[in-house]
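The values are calculated or read from the model by the stated rules, or taken from the named source; none is laboratory data. Since the structure is predicted, the reported quantities are computational estimates derived from the model, not experimental observations. With ideal geometry, Cβ positions are generated from the backbone for all residues, glycine too; neighbour counts draw on all protein chains shown.
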Amino acid sequence: MNNRLFTSDPDFLIVRGDATAFDPEYHHNPYHEPESDPTKSRSGAPWSTLGEPRLWATLVGMSGGIVTLSDHVGKLNAAGMDMVARTMQNCTTEAARPLDLMESIYPHIWLREGERPALAVLNLSGEPQEFELPAARFPELAQFIGCKDIWGHKDIIKKDG
């Protein structure tokens, strides 16, 4: 009945980290001994740059599901609040689909079609990377030529690519 009568699988939007909030107790873990590593949280190493929470926010925004803001909004700084606002403004009920499924461990190119189409090109490497999206292989991406990304306002697809 999920997605027929109701939607019951929310996606949790969390952007809080060193670059998006002032929260000195964010990494405190009451379930571990005091001698445990204070830089670790229950869900892994803390986010120290804008890139990691932007990646998560992009995935949540492209999921097409219910988005639950699961953060302490009062502790987010301007960058964190901007990230939440941009994510919420770009959410729809239509899920993106991967265009490069089975080409690597994780898909990098996600397309959301419908009334508010969107393209997500995900860099999962941790290093700067450029992706080639040839028009012959991805004709459905022609609509994004000259469009800007929501985070850095850079061109998503250049005319010659």
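Data overview
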item: L69 vs. criteria outside the structural domain of K148 (by TED's automatic domain parsing), more than 26 Å from L133 (Cα to Cα) and surrounded by fewer than 18 Cβ atoms within 10 Å (Cβ to Cβ); result: yes
item: Single unsatisfied condition, G114 versus (1) in contact with an Asp or Glu (Cβ under 8 Å, 6 or more places away or on another chain); (2) at pLDDT 90 or above; (3) among the small types (G, A, S); (4) under 27 Å from A19 (Cβ atoms); result: (4)
item: Region 80-131, residues that are of a type in the set (G, A, S) and farther than 14 Å from T58 by Cα; result: S104, G114, S125, G126
item: Answer residue from region 76-94, given it is among the hydrophobic types (A, V, I, L, M, F, W, C) and in contact with a Phe, Trp or Tyr (Cβ under 9 Å, 6 or more places away or on another chain) and is nearest to A118 (Cα to Cα) among those; result: M83
item: G74 touching a residue at least 24 places away in the same chain (Cβ under 8 Å) and either outside any strand (DSSP E or B) or over 30 Å from P24 (Cα atoms) (or both); result: no
